[in-house]
Amino acid sequence: MKAYILPKMTWPEVEKSLKDVKVAIVPIGAQEQHGPHIAEGCDSYRSEKFSELLAEKCFPHVIVTPTVTYGVSPHHMDFPGTISLRPETLMAILEDIVSSLKQHGIEKFLFINGHGGNSATISVSANILTRKYDVEIASSDFINAAVNTTKEEVHSEHFGHACERETSESMYLAPEIVRTDKIQAGDMNMDSFAMKYRKKPYISIVNQFKEITNSGNIGDGKKGSYELGEKMINEALDNISEFILDFMKTKR
Ligand SMILES: [Zn+2]
C-alpha cells in the first residue's frame, strides 16, 4: 500500500494504519456547473485526486476519508445540474466525520477544499469543531497553494472558475472530465455590478454567477494546459505536504 485511502481499506488494514496515521485528510468538492467544457464534479474530482497524491507524498502519516462530493453552491443554481447543500448541511457532515474519526483515535484533520463557495462554511466548522471535540483542524483551498506558478503564469485580469488555472488542474488531475473541443473564454458581463466589485478586497457581495458570466466560466481555459496543471499541482503538493509535516508535530 503506497497511500492510506479509507474507503479502499478493510478494518484490519485501517487498524494497522492508525499506528502511523497522524492526520485525516477530508477532500471536499461540489456538484456545480463549470462552464461548457468541464464536468460538474470538477471540484470533487480535483480535491479527491489531490488528496490522494498528498497521501502518497506523506505516507504513512495521513489517511484520506471519502470525498464530500456536494458543496455550498446556491450561486450556481441558474445552471442545470447544480446541486447545492445548505451551509448547515455541510457543517453537519463535517461534524459527523470529525466525531466519528475522533472515536478511532484521530485528533488532527486537514480539510482539502476544491470549491471557493465552501470556504466560509469550512472556516466556521473548523472553529466550532476544534473546540467542541478537542481536536486540531486546518483547512486549505489548495488551488491557492500554487502561489508562484499562479503569479508567474496566470495573467488574465479576471479568472477563477473553469479558467486557465482550473482547466489546467483538471487536465492534469482528471483529464476525463475536460471536453477539450468545447474550451472557450468566459462570456462575461463586464458591466455588471457584481463584476465591478468582484476583485475589490474591501467589499463582499452575494450574487448569482449568471450575473457575471453567461457561459458559466470566468477566465480563459484556452490558455490552460496539462503542463501548467502539473506545475501548479506539484507546487501545491510541496507547500501543503510541508505544512502537514509541521502540523503532525504540533502539541496541544
Ligand atoms: Zn471549481
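A few notes on this one:
- Selection count, the range 21-32, where residues are open to solvent by less than 10 Å² (accessible area, probe 1.4 Å) and within 14 Å of the ligand (Cβ to nearest atom): 5
- Just one residue in the set Glu56, Glu40, Glu15 is at pLDDT 95 or above, open to solvent by 10 Å² or more (accessible area, probe 1.4 Å) and within 16 Å of the ligand (Cβ to nearest atom); that residue is Glu40.
- Which numbered condition Phe193 misses (of (1) surrounded by fewer than 16 Cβ atoms within 10 Å (Cβ to Cβ); (2) touching a Gly at 6+ places or on another chain (Cβ under 6 Å); (3) aromatic (Phe, Trp, Tyr)): (2)
- So Glu107, is it of a type outside the set (Gly, Ala, Ser) and in contact with a strand residue (DSSP E or B) (Cβ under 7 Å, 6 or more places away or on another chain): yes
- Close pairs (6 angstrom Cβ cut-off, 6 or more residues apart or separate chains): touching a residue at least 12 places away in the same chain (Cβ under 8 Å) in the range 75-100, of a type in the set (D, E, K, R) and open to solvent by 40 Å² or more (accessible area, probe 1.4 Å) anywhere: Asp78/Lys210; Gly81/Glu40
- Pick from the range 152-164, criterion open to solvent by less than 20 Å² (accessible area, probe 1.4 Å) and outside any helix (DSSP H, G or I), ranking: farthest from the ligand (Cβ to nearest atom): Val154
- Single match in Thr121, Thr167, Thr149 (criterion: part of a helix (DSSP H, G or I), within 16 Å of the chain's Cα centre (by Cα) and more than 18 Å from His75 (Cβ to Cβ)): Thr167
- In the set (1) crowded, with 22+ Cβ neighbours inside 10 Å; (2) part of a loop (DSSP other than H, G, I, E, B), Lys2 fails one condition alone, (1).
- Subset of the range 79-119 (residues that are within 16 Å of the ligand (Cβ to nearest atom) and either open to solvent by 50 Å² or more (accessible area, probe 1.4 Å) or among the hydroxyl-bearing types (Ser, Thr, Tyr) (or both)): Thr82, Ile83, Ser84, Gly116, Ser119
- With respect to the conditions (1) buried (at least 17 other Cβ atoms within 10 Å of the Cβ); (2) more than 16 Å from the ligand (Cβ to nearest atom), Gly221 lacks only one, and its number is (2).
The values are calculated or read from the model by the stated rules, or taken from the named source; none is laboratory data. The shown structure was predicted, so the numbers you read here are calculated from the model rather than taken from an experiment. FYI the Cβ positions are ideal-geometry reconstructions off the backbone, even for glycines, and counts take in every protein chain you see. With ligands, DNA and RNA removed, areas are computed over all heavy atoms of the protein, side chains included. Shrake-Rupley method; radii C 1.70, N 1.55, O 1.52, S 1.80 Å.
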